[in-house]
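The values are calculated or read from the model by the stated rules, or taken from the named source; none is laboratory data. This is a predicted model, so every value here is computed, not measured. Heads up, the Cβs are rebuilt from the backbone with ideal geometry, glycines too, and the neighbour counts pull from every protein chain shown. Heads up: the accessible areas ignore ligands, DNA and RNA and are worked out on the full protein's heavy atoms, side chains in. Shrake-Rupley method; radii C 1.70, N 1.55, O 1.52, S 1.80 Å.
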Amino acid sequence: MEYKGVWTIAEAYEGDLKAVSFELLSRGRKLADELNEELVSVLIGGKVKEERVNELIKRGADRVIIVEDQLLDRFIVETYSNVLIDLIKSKKPEIVLSAATVNGRTLMPHVAMKIHAGLTADCTELGIEEKTGNLLQTRPAIGGNILATIKSPDSRPQMATVRPKSSRPLEIDETRTGVIERVAFQKNLFDSRVKHLETIIGGEDDVNIQESDIVVSGGKGMKKSDNFKMLYDLAHMLGGVVGASRDAVDRGWAKYPQQVGLSGKTVTPNVYFAFGISGAIQHLAGMKTAETIISVNTDEDATIFQVSDFGIVGDLFEVLPLLNEKLAKEVK
Amino acid sequence: MNIVVPIKQVPETSNVKMDPETGTMIRDGVESIINPLDLYAIEIAIQLKEKFGGKVTAVTMGPPAANKALKEAIAMGCDEGVLVSDRKFAGADTWSTAYVLVKAIERIGEVDLVVAGERATDGDTGQVGPNIAAAMNLPLATYVSKVESLTENSMTVERLTEEGYEKLQLPLPALLTVVKEISYPRLPTLRGKQRAKITDIPTYTVADLDVEENNLGLKGSPTRVVKIETPKVTRGGKILKVVDDQSLNEAVDNLIAFMKMKEII
Ligand SMILES: Cc1cc2nc3c(=O)[nH]c(=O)nc-3n(C[C@H](O)[C@H](O)[C@H](O)COP(=O)(O)OP(=O)(O)OC[C@H]3O[C@@H](n4cnc5c(N)ncnc54)[C@H](O)[C@@H]3O)c2cc1C
Ligand SMILES: Nc1ncnc2c1ncn2[C@@H]1O[C@H](COP(=O)(O)O)[C@@H](O)[C@H]1O
């Protein structure tokens, strides 16, 4: 049997679907159209609300394959990997995409290793090679210094994880129809070795900076921990979250999950604010692909200005309070 | 407790220069270091050994010069190092790298725990850890930020997720990939450095490992690099200078206007 169809892996959380499930479908739709093949959203997990499952079709899927069971309520990579491999072996998709989330980046290499498939991490662009129909996968590497395009010409399926927020979900189209296919969970695929004991939802500073449309970051120029409050004020007004450079994290002004950059997180928000951040190559590696970059720095030669869409050469302790004051009037 | 830590030697990228003609990295004069994120794996492995006894073996697949990374790992407190090196391994992607590392780990002997870094700062894939776990059929916990408890045959860890943390219990042997939060890596000591100097580091080549040639190097790698580009950094944005109260006021007003134009507010 030939390998056919484009699969995207949906991510469930507490009976709902994460936004990345829909972002992946807009990526997948383009590829499926170009290949003239079916786009399938694969959902492995506990029970998910019916309307959200239907939304997968309204936002681009031709088919939804659901493997649902209480035993799949929590992400346990061994079991999820068994289930996905079983589906891949029986249905032979040509392309399998997942989000480059902690779970996607755990599941995909687990599966790829076992089936000897090529896997490209954290792609920001996907396309189809003209003559061969191979998947072209583009991703930043070496701290964002290069963009590498990779393909897996001889192995199937072609697998890739895709950076969250690097594409937008398609609008809901009420007229779209598709097939919902339920596949029974075979109990022998359950791996009972690893036990999920507890989920601890993070506090406010633990919010996932990768999922936010607006990231307000501070660096060493913030001078001390207390000054981060100004960043939180701005973030709250805009509905965003606070990030930081490594220097700020190392000084304890922010937590590690807030660190943006090579040894922290990569973010692709609509807007990235950099206050008192010089723009070291390692920091740029984590935020360069933001849609809009706004920065404030006293040093007019700071590298951060080279990647900024809007910059203010000035003292952040003058700019930030005034900005907050004026914005408070605007957003009210 | 036998712990194996796979570490990678990477170019020190704080002053990486790219050749604008070829789009490749200029490697001349670039120092090689242990992947910074692997230092956290080494640290937690040494801490566990100090508490529970046993030994820590650092293993790396790379060119002969990667020996230096192993010496550094020993200087930090690892007991042994193993270099996996052969021309036939060159050009390996994550699949083939993991394949060879698995064979090397099996050769090292009984293992209770494998601790890998979250990802390497050069390739930046974070795939090799989960790859190894899959191939060895070891229970896996990724993005581990804390080892809460450890007994002879099981451990409880905290794993970072997008929403916060989750607590997992794994039977041993197991594989962890760890993040920076796990602990602060120690510096090599003078005694450690002396020990590193006299510690013999064995090299495993193709002949020493039970590997299939078809799975090695470029031939064993399902992925191919098609092209490499150097992305443009400059955005050529609007830059305003603040010199006095008036220009400050104008700059902020302009910024707010810009944010409105971009529909941020
Ligand atoms: C292997 C490796 C990995 C790394 N990973 C990361 C990473 O993931 N993330 C990361 O961020 N860094 C990382 N770094 C560190 C990186 O090289 C820089 O050291 C770091 O990003 C600098 O942080 P900063 O911009 O906050 O500090 P600085 O470079 O010190 O910059 C502070 C800036 O604040 C400005 N400033 C000072 N006062 C004011 C004021 N009153 N108003 C306005 N501006 C002001 C200054 O002009 C300066 O430009 C890594 C380094 C290495 C070697
Ligand atoms: N060549 C290698 N030799 C030993 N360990 C490696 C090698 N490549 C990767 N690793 C390990 O796998 C982790 C993830 O690497 P990567 O998948 O390349 O991002 C690293 O942090 C190391 O622990």
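A compact table of results
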quantity	calculated
Residue check for A:K255: more than 16 Å from B:A251 (Cα to Cα), at the interface with chain B (Cβ under 10 Å from one of its Cβ atoms) and in contact with a Pro (Cβ under 9 Å, 6 or more places away or on another chain)	no
Residue count for the stretch B:117-161, restricted to those that are within 26 Å of A:T149 (Cβ to Cβ) and assigned to a loop (DSSP other than H, G, I, E, B)	10
Residue in the stretch B:32-71 that is nearest to the other protein chains (Cβ to nearest Cβ), counting only those that are within 16 Å of ligand 1 (Cβ to nearest atom) and among the hydroxyl-bearing types (S, T, Y)	B:Y40
Subset of the stretch B:203-231 [more than 23 Å from A:P109 (Cα to Cα), in a loop (DSSP other than H, G, I, E, B), within 14 Å of chain A (Cβ to nearest Cβ) and in contact (Cβ under 8 Å) with a residue 40 or more places away in the chain]	B:T230
Matching entry among A:T132, A:T79 (being surrounded by fewer than 23 Cβ atoms within 10 Å (Cβ to Cβ) and part of a loop (DSSP other than H, G, I, E, B))	A:T132
Residues being away from ligand 1 (no atom under 12 Å from the Cβ), at pLDDT 95 or above and open to solvent by less than 10 Å² (accessible area, probe 1.4 Å) - total across the stretch A:293-317	4
Tabulated pairs, the stretch B:14-43, first away from ligand 2 (no atom under 16 Å from the Cβ), second of a type in the set (D, E, K, R) and modelled with pLDDT of 60 or more, C-beta under 6 angstrom, 6+ apart or interchain	B:G23/B:E229; B:I26/B:K17; B:I26/B:D19; B:E31/B:E12
Test for B:I74: is it within 11 Å of another protein chain (Cβ to nearest Cβ) and open to solvent by less than 10 Å² (accessible area, probe 1.4 Å)	no
Flag if A:I180 is away from every other protein chain (no Cβ under 11 Å), part of a strand (DSSP E or B) and not acidic (D, E)	yes
Filtered residues of the stretch A:259-273 (kept if more than 8 Å from chain B (Cβ to nearest Cβ), open to solvent by 10 Å² or more (accessible area, probe 1.4 Å) and within 12 Å of ligand 1 (Cβ to nearest atom))	A:K265, A:T266
Lone qualifier among B:L160, B:L170 - being within 16 Å of ligand 1 (Cβ to nearest atom), over 25 Å from B:E72 (Cα atoms) and without any contact (Cβ under 8 Å) to a residue 40 or more places away in the chain	B:L160
Condition met for A:I281 (open to solvent by 20 Å² or more (accessible area, probe 1.4 Å), within 16 Å of ligand 1 (Cβ to nearest atom) and within 9 Å of chain B (Cβ to nearest Cβ))	yes
Single condition B:D200 does not satisfy, out of (1) over 26 Å from B:T97 (Cβ atoms); (2) open to solvent by 80 Å² or more (accessible area, probe 1.4 Å); (3) more than 14 Å from chain A (Cβ to nearest Cβ); (4) not in a helix (DSSP H, G or I)	(1)
Conditions (1) at the interface with another protein chain (Cβ under 10 Å from one of its Cβ atoms); (2) within 21 Å of the chain's Cα centre (by Cα); number of the one not met by A:V307	(2)
Test for B:T161: is it closer than 24 Å to A:H196 by Cβ and of a type in the set (S, T, Y)	yes
Subset of the stretch A:207-232 that is in a helix (DSSP H, G or I) and surrounded by fewer than 19 Cβ atoms within 10 Å (Cβ to Cβ) - its residue that is nearest to ligand 2 (Cβ to nearest atom)	A:E211
From B:S154, B:S149, B:S183, residue being within 14 Å of another protein chain (Cβ to nearest Cβ), within 28 Å of A:G104 (Cα to Cα) and in contact (Cβ under 8 Å) with a residue 24 or more places away in the chain	B:S183
Residue check for B:V102: in contact with a strand residue (DSSP E or B) (Cβ under 9 Å, 6 or more places away or on another chain) and either assigned by TED's automatic domain parsing to the domain that holds B:I44 or not hydroxyl-bearing (S, T, Y) (or both)	no
Residues of the stretch A:233-249 satisfying the condition of being closer than 20 Å to A:D299 by Cβ and open to solvent by 20 Å² or more (accessible area, probe 1.4 Å)	A:R246, A:D247
First in the stretch A:44-71 and under 13 Å from A:L24 (Cα atoms), second anywhere and at pLDDT below 95, Cβ under 6 Å, 6 or more apart	A:R59/A:P169
Some residue of the stretch A:104-115 being within 25 Å of A:T177 (Cα to Cα) and either away from chain B (no Cβ under 14 Å) or under 20 Å from the mean Cα position of the chain (by Cα) (or both)	no
Yes/no for A:N188 being more than 14 Å from chain B (Cβ to nearest Cβ), open to solvent by less than 40 Å² (accessible area, probe 1.4 Å) and not acidic (D, E)	no
Within the stretch A:44-76, considering residues that are part of a helix (DSSP H, G or I) and not charged (D, E, K, R), the one most open to solvent (accessible area, probe 1.4 Å)	A:Q70
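Here is a yes/no grid of residues against (1) more than 7 Å from chain A (Cβ to nearest Cβ); (2) open to solvent by 30 Å² or more (accessible area, probe 1.4 Å); (3) without any contact (Cβ under 8 Å) to a residue 40 or more places away in the chain:
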site	(1), (2), (3)
B:G91	yes, yes, no
B:S96	yes, no, no
B:I105	yes, no, no
B:I108	yes, yes, no
B:V114	yes, no, no
B:G117	yes, no, no
B:G126	no, no, no
B:N131	no, no, yes
B:S145	yes, no, yes
